[in-house]
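Colleague: Below: one structure in structure tokens.
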Amino acid sequence: MRKDELQRTDAEGRLFRIAYASRTRDDLRLPDLQAIAEQAAARNRQSRITGVLLFGQGQVLQWLEGPAAAVCAVMGAIQRDPRHQGVSVLSAGWIDARRFPDWSMQFLDAGERAGSVVPLAVSPDKGSAARVFDGAAVRHWADRDPDGICTAQGLAAHLARSPEESLPPIPERFLGCPRARAGLVDEVCRTLGQGWMDSRYSGFEVTLATVRLNRLMLLAGRPADPREARASAVVLAPDRCSELTGALMKTDLLRSAGYSVRLIAWARVTSLRSSLRGTGNCPIIIYGGRVGIDSRDAKRAAAMADWLRADYPGRTILIGGRSAGPLSEWPDRLAFHSQGGHPVAGKPIDWPALSALAADPVAALAR
Ligand SMILES: Cc1cc2nc3c(=O)[nH]c(=O)nc-3n(C[C@H](O)[C@H](O)[C@H](O)COP(=O)(O)O)c2cc1C
């Protein structure tokens with residue numbers, strides 16, 4: 001498919017995505033899933049659908065993106081397909097750009113084998129699925145861009161090691177879309193944090209990289225508080241440098257997702273209390289940090305949360321950062337984590353009806 005065709009969207013100029021998990025029929029093996037993906041890719045090319053199909057340990061995770069009517073129509077067929085069961089939709093909604101523009105339906109073996117993207121959890125929940133799709137996206141962009149500048153891993157390496165004058169700008173496709181930006185920040189921080197744990201990056205390189213990432217984001221335009229905010233939040237930032245940078249970036253992301261955000265540095269209890277004055281009843285997010293996190297930080301964040309819950313009954317107190325994923329998905333993702341459960345099997349969705357609605361809203365509503 002030609003690139004300009006891939007970026008073309010449906011009549012409303014919008015793209016839609018669905019991510020779901022399911023369990024395959026007991027007799028299906030890896031080659032069967034590969035064959036399904038190959039046939040799917042051929043059909044998807046006709047309907048301008050792209051995405052990825054991951055299989056491991058009897059579990060399927062699939063990401064479908066494209067014109068809404070086509071995506072909903074194919075989802076209707078997939079949900080009825082007897083080759084798998086327990087289809088549980090993890091997320092569905094509009095997207096600003098394709099995540100996998102070069103993959104009509106890429107099959108990835110996500111079993112616990114060397115070379116797998118990310119092993120699938122026994123029962124993938126929304127959070128673990130997001131990590132698997134993030135991993136697949138990194139691989140997709142790495143395939144597309146062998147020099148690695150467009151990938152989070154490539155960018156992390158540049159930020160940690162390149163001389164100042166050859167730092168790449170933040171790739172264009174991350175700038176307009178808060179979710180893509182959040183994903184990039186998250187992935188770069190994850191890469192750096194993991195690299196630090198594996199001794200591939202020193203603490204100095206990690207700090208340098210996060211400070212540089214913050215600066216690049218700033219140069220790309222730090223969002224102001226929106227004039228008509230969707231909601232407000234307070235972000236409590238820890239006082240260690242790299243963590244503070246992470247908190248600043250998350251604050252930016254929340255702002256660009258339409259939130260009015262007050263950022264308060266962790267401080268002595270008394271000054272914190274006065275800083276929180278005038279913030280109404282809005283939720284407080286304690287930024288636990290991902291890079292440089294250690295059990296002391298996690299314990300501090302938990303203790304702070306306990307203290308705030310006792311002192312501010314009725315307020316929502318969340319711990320962001322490490323386990324929270326991109327905060328642009330907040331509060332969805334955080335709420336899910338706080339339940340600590342598996343995906344709740346949702347009510348079956350009438351995909352064909354949605355497809356009709358997306359294709360011709362006026363006619364569908366008149367019915
Ligand atoms: C795990 C799984 C993933 C699938 N993914 C796709 C897909 O991306 N695109 C597609 O056209 N069909 C896909 N299919 C096949 C559809 O379920 C269905 O067989 C196909 O679209 C033909 O539908 P029809 O018989 O209603 O024409 C998938 C099936 C399974 C079991």
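Colleague: Can you give the FRET efficiency to the nearest 0.05 for R268 and R83, using r as the Cβ-Cβ distance and R₀ = 56 Å? It would help to have the intermediate numbers written out before the result.
Modeller: Details: r = 60 Å, r/R0 = 1.07.
For R0 = 56 Å, the calculated efficiency reads 0.40.
Colleague: Right, next: Run the numbers for Q34 and R215: contour at 0.36 nm per residue of separation, minus the present Cα-Cα distance, in nm. Spell out each step's value before the answer.
Modeller: On the way: separation 181, 0.36 × 181 = 65.16 nm, distance 4.32 nm.
Separation in residues times 0.36 nm, less the Cα-Cα distance, equals 60.8 nm.
Colleague: Quick query: amide H of W266 versus all other amide H atoms, modeled in the peptide plane; which residues come in under 5 Å with a sequence gap of 5 or more or a different chain?
Modeller: HN-HN under 5 Å from W266: A237, D239.
Colleague: For D32, D96, give me the order by solvent-accessible area with a 1.4 Å probe, most accessible first, ignoring ligands, DNA and RNA.
Modeller: Values: D32 60, D96 115 Å².
Descending accessible area places them as D96, D32.
Colleague: So if each residue of separation counts as 0.36 nm, and I subtract the Cα-Cα distance between M197 and D27, what length gain in nm does that give? The partial results should precede the final answer.
Modeller: Working: separation 170, 0.36 × 170 = 61.20 nm, distance 3.99 nm.
Between M197 and D27, full extension yields 57.2 nm more.
Colleague: Computed over the Cα atoms of region 28-119, what is the ratio Rg over Rh, Rh following Kirkwood?
Modeller: Values: Rg = 12.9 Å, Rh = 13.7 Å.
With Rg and the Kirkwood Rh in hand, the quotient comes to 0.94.
The values are calculated or read from the model by the stated rules, or taken from the named source; none is laboratory data. Small disclaimer: the values here were computed from a predicted structure and weren't measured. Neighbour counts are summed over all protein chains in view; Cβ atoms, including those assigned to glycine, are modelled from backbone coordinates with ideal geometry. Accessible surface areas use protein heavy atoms only, side chains included; no ligands, DNA or RNA. Shrake-Rupley method; radii C 1.70, N 1.55, O 1.52, S 1.80 Å.
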